[in-house]
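One structure is given here, and the rest of the page talks about it.
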Amino acid sequence: MLSALTDRWITCGGLRYHYRVAGAAGGDGMPLVLVHGLGVSGAYWGRVQPLLAARRPVYAVDLPGFGRTTHPNTVLDVVGQAQALEGWLAAMGLPQVHLLGHSAGGQVAVAFADAYPGRVARLVLIASTIGRGSPKLLPHLPGLLHDLLREGPSLLPILIADGLRAGPRHILRTDAAITGDDTLATVARLTIPLLVIRGTRDTIVSDAETQQLLRAAPHASYVAIPCAPHVVQWSDPHAVATAVAAFLGDEPTCV
């Protein structure tokens, strides 16, 4: 039986954070935290989050200025978002977690693992952008529009609602702040177990970018999910859950 998703809030650092949790806190597995990408929220984890919660609590947090979390006073770059994530984890009483980042959330997850050694046991990156050398949002628009045609129609209302809630100005300013981050150099310093996942029909994060990431982290495992677009955790949640569960040593939930 799949775990239900529960909406919760917590205030720390002057911000009111929204997050969703699945699974029991008393599970025998280490908590897993899901970090969303640019312009969206934890809502697009909704299909895969319960599948990952058979043995552990799984948290999907809305980063500052996105989803239903308060907007910060200033635009946060990758380091700033990683610091915000650390504040939220401290407030939640989660000293060590597995971390999973999607798209620009992958950059945040990598920065967090680098800045706070010992806080991340295992790291998963899904369709992660790489910062320097990766196009900004506006040059990505043709690929974004192409990718939207491949995503399930049920995802579109979530993307629209999240984009309107964050606001175009905040999204563009955040994009400018995170693009200069050198994620490749940062991930090369990490020694924790790492899994990289990408859908083979992703037109936002190219195979070439993913190969750059894998060359920077030669110890990483790689799973390509056939025929899946950028938001693979929505379009093929069972494939993602199976890959992540195997990486974490879990038995995936079957429905």
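The values are calculated or read from the model by the stated rules, or taken from the named source; none is laboratory data. Fair warning: this is a prediction, and the values are worked out from it, not measured in the lab. With ideal geometry, Cβ positions are generated from the backbone for all residues, glycine too; neighbour counts draw on all protein chains shown. Keep in mind that these areas ignore ligands, DNA and RNA; they rest on the heavy atoms of the full protein, side chains included. Shrake-Rupley method; radii C 1.70, N 1.55, O 1.52, S 1.80 Å.
What does the net charge come to around Trp234 if you take all other residues with beta carbon closer than 9 Å to its beta carbon, with K and R at +1 and D and E at -1? If you can, show how the numbers build up before the last one.
On the way: positive: Arg47; negative: Glu151, Asp236.
So the surrounding residues net to -1.
From the alpha carbon gyration tensor of the range 7-65, can you work out the equivalent ellipsoid semi-axes (sqrt of 5 times each eigenvalue) and give them in Å, largest to smallest?
Numbers: eigenvalues 84, 39, 13 Å².
Semi-axis lengths for the range 7-65 are 20, 14, 8 Å.
Can you give the % of DSSP beta bridges in the chain that are antiparallel, to the nearest 5?
Working: 12 of 34 bridges.
Here the antiparallel bridges make up roughly 35 percent for the chain.
What is the set of long-range amide H partners of Asp182 at a cut-off below 5 Å, with H atoms built 1.01 Å from backbone N?
Under 5 Å from the amide H of Asp182: Arg132.
Could you sort Thr183, Thr70 by accessible area so the largest value comes first, with the probe set to 1.4 Å? Walk me through the numbers on the way to the answer.
On the way: Thr183 0, Thr70 55 Å².
Per-residue accessible area, sorted high to low, gives Thr70, Thr183.
Please give the length that would be gained between Thr200 and Cys12 if that part of the chain were fully extended, namely 0.36 nm times their separation in residues minus their C-alpha to C-alpha distance (nm, one decimal).
Computed gain between Thr200 and Cys12 is 63.8 nm.
What are the equivalent ellipsoid semi-axes of the range 203-255, built from the alpha-carbon gyration tensor (square roots of five times its eigenvalues), in whole angstrom, biggest first?
Details: eigenvalues 96, 53, 7 Å².
Each semi-axis is √(5λ); the values are 22, 16, 6 Å.
Can you tell me the accessible area per residue over the chain, all protein chains present, probe 1.4 angstrom, in square angstrom?
Result: 41 Å² per residue.
Considering amide H positions built from the backbone, and no H for Pro or chain starts, which residues 5 or more places from Ala121, or on another chain, come under 5 Å of its amide H?
The answer is Val97, His98, Leu99.
When the label point is put 7 Å from the Cα of Asp182 along its Cα-to-beta-carbon vector, which residues of the range 77-101 have a backbone N closer than 16 Å?
78-79
By DSSP, what percent of the beta bridges with both residues in the range 14-87 are antiparallel, rounded to the nearest 5? Please report the intermediate quantities before stating the final value.
Working: 4 of 8 bridges.
About 50 percent, rounded to the nearest 5.
For P(r) over Cα pairs in 5 Å bins from 0, in percent, the choices are (1) 1, 6, 13, 16, 17, 14, 10, 8, 6, 4, 2, 1, 0, 0; (2) 1, 4, 7, 10, 11, 11, 12, 12, 10, 7, 5, 3, 2, 2, 1, 1, 0, 0; (3) 1, 7, 15, 20, 22, 19, 12, 4, 0, 0; which was calculated from the structure?
(3)
Kirkwood Rh, the range 151-237, all Cα pairs: how many Å?
14.9 Å
Enumerate the amide H contacts of Val35 below 5 Å, restricted to partners 5 or more residues apart or on another chain; note that Pro and chain-start residues carry no placed amide H.
The list, which skips near neighbours in sequence, is Leu100, Gly101, His102.
Where the Cα atoms of the range 1-127 are projected onto their three principal axes, how long is each span, largest first, in whole Å?
42, 28, 28
Convert each backbone phi in the range 62-67 into a coupling constant with the Karplus relation 6.51 cos²θ - 1.76 cosθ + 1.60 (shift: θ = phi - 60°), then list the ³J(HN,Hα) values in order as whole Hz, x for Gly and Pro.
8, 5, x, x, 10, x
Just the number, please: carbon plus sulfur as a percent of the accessible area of the range 48-131, 1.4 Å probe, no ligands or DNA/RNA counted.
Working: 1100 of 2260 Å².
Within the range 48-131, the accessible surface is 49 percent carbon and sulfur.
Among Gly42, Gly199, Gly29, which one moves the most in a GNM of the chain with springs linking Cα atoms closer than 10 Å?
Gly29
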